1. Considering only residues of region 37-60 that are in a strand (DSSP E or B) and out of contact with any Leu (no Cβ under 9 Å at 6 or more places or on another chain), which is modelled with the highest pLDDT?
2. Please find, among ALA71, ALA28, the residue that is within 17 Å of LEU133 (Cβ to Cβ) and at pLDDT 55 or above.
Amino acid sequence: TKSMKLTNKLTGLVTAAGLSLATGSASAAITVVGQAQANYDRASTLNHTIDASAADKLVVVVTGQHGFNNAAGKVNSLTYDGAALTEASYRSAVTSGTDTLYHGIFYLDNPATSTGLISASVANRGHMAIFLLTGTEPGVGATAVSGNGTRTVDLTTTGSNSMVFFSQGLGGAGNTGQVSGITADSGAILSSERDPSNWTGHVVANETITTAGLETFAFTGGNVTGGMVVATEFLEAAAVPEPSSALLGLGGLALLLRRRR
């Protein structure tokens with residue numbers, strides 16, 4: 001056909017010009033480019049300084065623990081340079097009388113391009129695990145929160161090459177925040193923390209998911225008393241089209257066509 005002949009002619013001309021009609025896309029794989037952790041105690045406001053200039057997303061896992069029945073342990077606020085982080089997956093679970101464990105994953109898109117102060121206001125003792133990510137879309141994908149006293153949570157991911165952060169929170173009944181011996185059934189453990197008296201602790205892991213679908217995120221070993229698992233999916237940024245070498249060489253192709261006339 002005429003269209004096929006025209007296509008073949010153009011392909012021949014492009015080849016003769018040493019060009020290519022092929023286009024591609026640059027991968028934007030999600031990467032953890034930095035992390036830190038911090039503890040706080042007794043109704044103090046924890047301040048932790050971190051440079052987020054290399055990240056497009058700031059992720060903070062917070063565990064707050066009721067202590068000796070005198071404070072709730074709830075996360076009242078979480079900010080970076082005054083900008084409030086968004087709650088992605090968060091749970092409070094009564095574990096022993098009025099002892100309550102709060103555990104969740106928070107995030108902030110496009111954090112400040114200079115060193116900033118993370119401030120957490122939690123009524124009692126607890127921990128923060130802080131992560132800097134690149135290659136993410138704004139917002140989150142799927143989220144999930146397990147029941148109380150469990151080590152596992154199911155989550156149906158929504159994107160290819162997404163990264164799921166999942167964390168087991170522990171504590172609530174005294175000496176139950178011990179994280180020793182806990183392993184993630186999949187992915188890699190990024191952070192493992194507890195307070196000195198074992199009232200509260202958490203283990204944070206992440207996993208890259210190639211294809212969207214139902215996944216189970218779980219931990220094995222250690223102490224499950226007062227535990228629960230929270231999970232949040234962060235989506236991969238859309239691939240950026242690479243400039244076609246044919247477009248870059250249009251001047252040479254136009255010259256070749258002019259000569260053939």
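The values are calculated or read from the model by the stated rules, or taken from the named source; none is laboratory data. All of these numbers come straight from a predicted model, not from anything done at the bench. All Cβ positions, glycine included, derive from the backbone under ideal geometry; neighbour counts span all protein chains shown.
1. GLN37
2. ALA28
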